[in-house]
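Take a look at the structure below.
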């Protein structure tokens, strides 16, 4: 009988521990989902600023691509990323993707000849 109780306790402990881990995983996943949403919203706000910059550049006939400025932004973000334990290749790829989307927006505004 003691063996049965010990086995029952062991299995229930394993079951509840796995369930607690599963709950913990769910909590962490919800946290990731929330953070992803914040990232998307921030990128949307960034694109609003890009639109304003694109309009300014269109009116003042400034080319959308400003390589020196982009490299400054990348370098600044690499340093910030290092403080967050993010690799340089990751930050470069992220900034390249953001920059490409920004250029698309700015070029579209240039083509419209925004007043």
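The values are calculated or read from the model by the stated rules, or taken from the named source; none is laboratory data. Model, not experiment: these values are computed from the prediction. All Cβ positions, even for glycine, are placed from backbone atoms using ideal geometry, and neighbour counts span all protein chains on display.
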(message) For the structure I just gave you, tell me whether residue 97 is assigned to a helix (DSSP H, G or I) and either touching a strand residue (DSSP E or B) at 6+ places or on another chain (Cβ under 6 Å) or at pLDDT below 95 (or both).
(response) no
(message) Restricting to the range 38-53, give me the number of residues that are within 17 Å of residue 69 (Cα to Cα) and surrounded by fewer than 10 Cβ atoms within 10 Å (Cβ to Cβ).
(response) 0
(request) Return yes when residue 71 is assigned to a helix (DSSP H, G or I) and over 16 Å from the mean Cα position of the chain (by Cα) and no when it is not. (result) yes
